[in-house]
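The values are calculated or read from the model by the stated rules, or taken from the named source; none is laboratory data. Because the structure is a prediction, the values reported are computed rather than measured. As a convention, Cβ positions derive from the backbone with ideal geometry for all residues, glycine included, and neighbour counts pool all protein chains shown. Just the protein is used for accessible areas: all its heavy atoms, side chains included, with ligands, DNA and RNA removed. Shrake-Rupley method; radii C 1.70, N 1.55, O 1.52, S 1.80 Å.
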Amino acid sequence: MSVNFSLEGKIALVTGASYGIGFAIASAYAKAGATICFNDIKQELVDKGLAAYKELGIEAHGYVCDVTNEEQVNALVAQIEKEVGVIDILVNNAGIIKRIPMCEMTAAEFRQVIDVDLNAPFIVSKAVIPSMIKKGHGKIINICSMMSELGRETVSAYAAAKGGLKMLTRNICSEYGKYNIQCNGIGPGYIETPQTAPLRERQPDGSRHPFDSFIIAKTPAERWLKPEELAGPAVFLASDASDAVNGHILYVDGGILAYIGKQPQ
Ligand code: NAP
Ligand code: GCO
């Protein structure tokens, strides 16, 4: 029995994919045969993303769109359907984080994180599902987090959003599975991207950032992960090979969730 991991002929929209995890996933999708569409808030970042994809030999379609703006999202999906075709694969990747102690965080700051990390995946999923139903299939992959399962100081809004995103994933599975739409999540561990750069900055004396050392101690592999290490799981969840997988959060964390942490020497 041959297992079909190919994405040949498929159209993928990866949100916030000018760089970082989204870029790594979209690049892997292109190598698996998919046509890539991505968005960013700023034209200059879309242009930078297009150039970066081109460097890899990928002719991507880039669009300016704020995923929290329902009107812009609906226009984006309509434009992609007109210019490229119906979206087969959606990756809700765009996300922000604000690291502020909860009692010092304003309600506006809390709402901003929820808006991008939870409301936007709802908005974009809602925009693509009708055409997926008409087409008879669809794949939605939500980029969750360790914070879909764990809390930590200063990330209350992000953890609330990513916990909610886990349950939105399960609910899309429950509500649209009958239309052959599979909605799963990927829960990355700690990945080397601009979003986590502040947590890895060397100290003035050249030593590791305390949080960097903390993650090394919490990860069995004793290292940060790279965006490219999410590619295989992301291709699997976008391919026909995962048609029987639905509502699942696939943690790609190097074992963090299984590990109590390095014992004191
Ligand atoms: P990143 O480097 O900060 O990239 C985030 C991307 O999302 C950027 O391209 C950003 O565009 C875009 N974005 C933010 N707000 C947007 C909006 N309103 N509309 C459209 N695009 C928007 O983050 P990353 O590390 O690659 O993370 C990507 C996803 O993985 C996020 O959902 C994050 O929560 C999740 N994640 C990251 C890690 C990690 O360790 N890095 C681990 C687990 C989960 P701009 O540059 O224009 O802001
Ligand atoms: C943080 C990090 C994490 C990662 C990721 C872990 O401040 O703890 O930014 O939240 O981004 O979500 O899975």
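Details
- Taking each of Lys54/Lys166; Lys31/Lys218; Lys42/Lys126 in turn, the alpha-carbon distance tops 27 angstrom for Lys54/Lys166; Lys31/Lys218.
- Applying 1/(1 + (r/R0)^6) with r as the Cβ-Cβ distance of Glu201 and Ala241 and R0 = 41 angstrom yields a FRET efficiency of 0.55.
- Comparing Asp40, Asp117, Asp243 in a Gaussian network model of the chain (Cα springs below 10 Å), the most mobile by mean-square fluctuation is Asp243.
- D_trans [Stokes-Einstein, Kirkwood Rh over alpha-carbon pairs] for region 1-125, 25 °C, 0.890 mPa s, µm² s⁻¹: 161
- Gain in span if fully extended, Glu70 to Gln112, counting 0.36 nm per residue against the direct Cα distance: 13.6 nm
- Simple Cβ-charge dipole of the chain, Lys/Arg +1 and Asp/Glu -1, about Cα centre, in debye nearest 20: 460
- Scalar couplings 3J(HN,Hα) for region 232-242, obtained by applying the Karplus form with A = 6.51, B = -1.76, C = 1.60 to θ = phi - 60°, are x, x, 5, 5, 4, 6, 8, 9, 4, 5, 10 Hz; x denotes Gly and Pro.
- Between Gly16, Gly232, Gly57, the GNM of the chain built on Cα springs shorter than 10 angstrom shows Gly57 fluctuating the most.
- Cut-off under 5 Å, modelled amide H: who pairs with Ile186 long-range: Asn142, Ile143, Cys144, Leu250
- Computed packing ranks the peptides 104-116, 85-97 as 85-97, 104-116, most packed first, by mean other Cβ atoms within 10 Å.
- Gyration tensor over the Cα atoms of the chain: the corresponding equivalent ellipsoid has semi-axes (square roots of 5 times the eigenvalues, largest first) of 30, 20, 19 Å.
- A helix-only calculation puts the chain at -12000 deg cm²/dmol for mean residue ellipticity at 222 nm, using -39500 (n - 2.57) for each DSSP H run of at least four residues, averaged over all residues.
- Cross-link partners for Lys10 among the aspartates and glutamates, with Cα-Cα distance under 17 Å and sequence neighbours closer than 8 places in the same chain left out: Glu59, Glu81, Glu83, Asp88, Asp240, Asp243.
- Computed on the chain, with alpha-carbon pairs under 8 angstrom and 6+ residues apart, the relative contact order is 20 percent.
- Over region 67-213 - Rg/Rh using Cα atoms and the Kirkwood inverse-distance radius: 1.05
- Cα→Cβ-extended label distance, 7 Å offset, between Val3 and Arg223, nm: 2.4
- Backbone phi angles across region 50-66, fed through the Karplus curve with coefficients 6.51, -1.76 and 1.60 (θ = phi - 60°), yield HN-Hα couplings of 4, 5, 5, 5, 4, 4, 8, x, 9, 8, 8, 10, x, 9, 8, 6, 8 Hz in residue order; Gly and Pro are listed as x.
- Accessible-area ranking of Arg152, Arg208, largest first, probe 1.4 Å: Arg208, Arg152
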